[in-house]
1. What angle do you read, to the nearest 10 degrees and between 0 and 90, between the alpha-carbon axis of helix 130-141 and the longest principal axis of the chain?
2. As a quick test, which of the pairs Lys357/Lys429; Lys209/Lys399; Lys349/Lys446; Lys112/Lys209; Lys357/Lys423; Lys144/Lys364 have an alpha carbon distance above 32 angstrom in this structure?
3. Taking the Cβ of Ile238 as the center, what net charge do the other residues with Cβ under 12 Å away carry, scoring Lys and Arg +1 and Asp and Glu -1?
4. Starting with the fewest neighbours, write out Glu389, Glu286 ranked by other beta-carbon atoms found within 10 Å of each beta-carbon.
5. Counting other C-beta atoms within 10 Å, which of Ser232, Ser163 has the fewest, and how do the rest follow?
6. Give me log10 I(q)/I(0) at q = 0.13 Å⁻¹ for the chain, Debye formula, one equal scatterer per alpha-carbon, no solvent.
7. At what distance in nm do the modelled label points of Thr390 and Asp207 sit from each other, each positioned 7 Å from its Cα along Cα→Cβ?
8. Which of the aspartates and glutamates could a cross-linker span from Lys219 if the Cα-Cα distance has to be under 15 Å and same-chain partners fewer than 8 positions apart are dropped?
Amino acid sequence: MNLKFRFAGFVLLGSLAIFAACHKSVPPPAPVLPVPTDRQLAWHEMEQYAFVHFTTNTFTDKEWGYGDEKESVFNPTAMDVTQWVKTIKAAGLKGLVLTCKHHDGFCLWPSKYTEHSVKNSPYKGGKGNVVDEVEKACRAEGIKFGVYLSPWDRNRADYGTPSYVEYYRNQLKELFEAHKPVFEMWFDGANGGDGYYGGANEKRKIDGKTYYDWPTTLKMVREMEPAVIFFSDAGPDIRWCGNESGYVSETNWNTITPDTLYAGKSGIQELLGTGSENGTSWIPAEVDVSIRPGWFYHAKEDSLVKTPEKLFDIYLSSVGRGANLILNIPPDRRGLINEIDVAALQGWKQLIDGYFKTNLALNKLAVASSFRGNSEEYNAVKVTDGDKETYWATNDEEKTGTVEIDLGRPQLISFVVLQEYIKLGQRVKSFRIEIPKDGKWVALAKGTTIGYKRIVKTFPTEASKIRLVITDSKACPTISNLEIY
Ligand code: FUL
């Protein structure tokens, strides 16, 4: 081979080596365990949905029916479940969980296992089935349907004995066989003890841990509906946030160790709010709150419906802290979502749409302090590309880092939305949002966990550049999204 060819070969090999080095696929970070299941990921993406509390309580003005209510009291005069669902959908809520049976034991469907149901009420001459009607309306409007079936039943004579557990399971079978798919099953842990219990009128104590034999029940339901998400105080799929006021803790880990919740120690409610940084299971928090003081409609609470501004605060302290929001909207005695609640929901939706209208960061140039293996796959622009499947990541040993975004010109910044790529686990422990001022970066806001979503409210501030500083993380950060409004 002459010298010219040798030289050409050398150049070619060299170029190939450089090309290969630049395009070598860098392996993604190892997951930080535990990670969410597919059904949990789908649930995270729903972000917010409605709770609907409706039963004899609506007509007797109670919150917890004693169980002795006559079926005849259930008599909505202008029932329109399509109005419920359309209102809920228009508010931006992605599903509806219906109280098919509350603690009073009255069933909104004609269960073949009890006479205490709609079939003995005046509603549609005893031919109505509210569960079926609501489910069909949800399907027609394209929102998801979920089931609440109170384990505590103050009507049943056999509550507290094994035959009641069989009754409860039979009802779950009735519901899950007739209504597929069900996205969420809400198991309520409440039990006040006393009740009608078929005329016994007494206090009954059950051991909440053993009486219901939950593992058998959950297995049975899971076999009928593999994708269902189980809510209970402690999971297994999603956990209670520890309060009914509309917030989860600012530090909100999706991870928690279930055993720590059964220890009977004080501080459980606080723990439910924060989760545990090193929890052994992925059990994210759901924030349950009512648009009214009570869970059921009471005319005397008409003036106490939460304002759009209050609902927006709730949105920020639930969805904005990485939890999901289940907002209760109880129909009135006509069987309609009251005009006052409808107006509050419309105002709330307008606030959300107004504040989060234009993402100023979308497709803007983003520069990171470093990115994983210098591979474009993990470059900072992945946080502004609008694709939730791509993310900025650093090398394994780097647990801090910055991403700087150039907005091109001064813009008013009111909110920053952050998301971690939670398929690889929740990582970030603390962060700051900074803007340049007098030649230095200054903090606009500080936060702790991010998780599925974190909405940071800033005092409306003008800046043409902004940076995210990850100040601590369990492992290298993986940030999939950064939006600026
Ligand atoms: C509680 C119940 O006691 C309330 O009535 C309501 O259903 C709420 C969502 O859960 O535990």
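1. Taking Cα atoms only, the helix is inclined about 30 degrees.
2. Over 32 Å apart, Cα to Cα: Lys209/Lys399; Lys144/Lys364.
3. So the environment of Ile238 carries a net charge of -3.
4. The fewest-first ordering by Cβ neighbours comes to Glu389, Glu286.
5. Result, fewest neighbours first: Ser163, Ser232.
6. At q = 0.13 Å⁻¹ the computed log10 ratios are -1.19.
7. So the label points at Thr390 and Asp207 sit 5.6 nm apart.
8. Within the straight-line cut-off, Lys219 pairs with Glu166, Glu177, Glu184, Asp237.
Just so you know, all these numbers are worked out from the coordinates, no wet-lab data involved. Since the structure is predicted, the reported quantities are computational estimates derived from the model, not experimental observations. In this analysis, Cβ positions are derived from the backbone assuming ideal geometry, glycine residues included, and neighbour counts consider all displayed protein chains.
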